[in-house]
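A quick write-up on the structure given underneath.
The values are calculated or read from the model by the stated rules, or taken from the named source; none is laboratory data. Not measured: the values here are computed from a predicted model. Cβ: placed from backbone, ideal geometry, glycine included. Neighbour counts: every protein chain shown. Surface areas here come from the heavy atoms of the whole protein model, side chains and all, with no ligands, DNA or RNA. Shrake-Rupley method; radii C 1.70, N 1.55, O 1.52, S 1.80 Å.
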Amino acid sequence: MSVHIARQVDDVLENLSSVKNATILAGGTDLLVEINFGRQRPTHIVAIDRVEELKDLSRNGHVRMGAGVTYTRMLETDIGSPALQEAARTIGSPQIRNAATIGGNLGTCSPAGDALPVLAALDATVVLKSSKGERRLAFGDFMTGPKKSVRRPDELIVAAEWDDAGAAQTYMFAATRNAMAISISGLALVADRERRRVGVGLGSCGPTIIRASEAERFAEGLFEEAGWELPHRPSEAAAKEFGRLAAGAAKPIDDVRGTAAYRRHVLAVMGERSLTRVAAIA
Ligand SMILES: Cc1cc2nc3c(=O)[nH]c(=O)nc-3n(C[C@H](O)[C@H](O)[C@H](O)COP(=O)(O)OP(=O)(O)OC[C@H]3O[C@@H](n4cnc5c(N)ncnc54)[C@H](O)[C@@H]3O)c2cc1C
């Protein structure tokens, strides 16, 4: 096995295009597990953790988060997404958060990836680069199945971008414990007052991250009635209905972490609570 330590994006792209089946290594918190369990046997690794360009983070009405931004950095910086910070806080342990990156969460593309429901709810764009050029894809077009995306082997995920959606957003998840546990289900809710748009992303309850579009339209209607003035107190019945619609969008399965019925139940509860919480944020 050979390892190339890259320092620039162009250097990574050159390696990805010239070496067949080159494997990208960012924080290594997913990849090393795969290697240790014998599920992957890379022959050529391109380490990208020293590529400074990938650590860029800018916020100016629009957020651009380089693929190399770690969860620890997300927690220490004003990243323009409180929901993504909530997701970052739930991920792994401090050691994992110090190494693990947003690009790695996108690279693995697990339906249980905690950053991904937030990116879906934010309507984020995934930016990919290869020696042939750049592609910009809506998150919903990027992820195609469990641990599957449209990324080609010669492409590097360089960033995730989204419009700054304001403070009214949250991420909730249910797991067997509060830390170091894979989520049973997760829900991200973003209410963007400026664009009068609601985004709801569901994790760990289908083959991909799911957008709960009926729940989104329902919440938009509620906020519209209130003239998008927050804080706003939705009725108990409205919050319940939002939870019901969010859970209805899920396509869960029974597995070792939980049954499909339990997943639907927690999504309905999280939906109800998240609407009440987000509506209370001024
Ligand atoms: C103990 C432990 C706890 C964890 N807890 C959580 C958790 O609570 N929530 C959660 O979501 N995840 C969790 N994870 C999984 C992991 O930490 C995250 O998925 C993390 O975001 C992976 O980032 P990384 O930089 O370490 O990726 P790596 O392991 O370096 O890479 C992961 C995959 O993505 C590819 N890749 C990496 N960067 C890029 C890029 N820029 N472009 C293209 N492909 C790329 C790699 O080739 C590899 O296939 C945990 C892992 C461990 C070991």
* Heavy atoms of residue 173: accessible area, 1.4 Å probe, square angstrom to 10 -> 50
* **Spatially proximal aspartates and glutamates relative to residue 20 (Cα-Cα < 16 Å; intrachain offsets below 8 disregarded)** => 11, 154, 155
* Cα-centre dipole for the chain with unit charges at Cβ (Lys and Arg positive, Asp and Glu negative), debye to 20 -> 720
* Charge sum, other residues only, whose C-beta stays under 14 Å from residue 186's C-beta, Lys/Arg counted +1 and Asp/Glu -1 -> +4
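Do the sum for the chain: with -39,500 (n - 2.57) for every DSSP H run of n ≥ 4, divided by all residues, what is the mean residue ellipticity at 222 nm, to the nearest 500 deg cm²/dmol?
-10000 deg cm²/dmol
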* Over what distance in Å are the Cα centres of the range 130-168 and the range 184-228 separated? -> 20
* Surface share of carbon and sulfur [accessible, 1.4 angstrom probe, percent] for the range 2-163 -> 47
* Karplus couplings for the range 259-268 from phi (6.51 cos²θ - 1.76 cosθ + 1.60, θ = phi - 60°), rounded to Hz, Gly and Pro as x? -> 8, 4, 5, 5, 4, 4, 4, 5, 5, 5
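Please report the carbon-and-sulfur percent of the accessible area for the range 169-279; probe 1.4 Å, protein heavy atoms only, DNA, RNA and ligands left out.
Here carbon and sulfur together make up 52 percent of the probe-accessible area.
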* Asked: Which is farthest toward the positive dipole end of the chain among 178, 117, 80, measuring Cα position about the Cα centre, with Cβ charges +1 (Lys, Arg) and -1 (Asp, Glu)?
  -> 178
* To do: Provide the per residue accessible area, probe 1.4 Å, for the chain, rounded to a whole number of square angstrom.
  => 46
* To do: Step through the residues of the range 3-12 one at a time and calculate ³J(HN,Hα) from phi using the Karplus curve (6.51 cos²θ - 1.76 cosθ + 1.60, θ = phi - 60°), rounding each to whole Hz and writing x for Gly and Pro.
  => 10, 10, 9, 8, 10, 9, 4, 4, 5, 4
* About the Cα centre of the range 124-277, how large is the charge dipole given +1 on each Lys and Arg Cβ and -1 on each Asp and Glu Cβ? Please answer in debye to the nearest 20. => 580
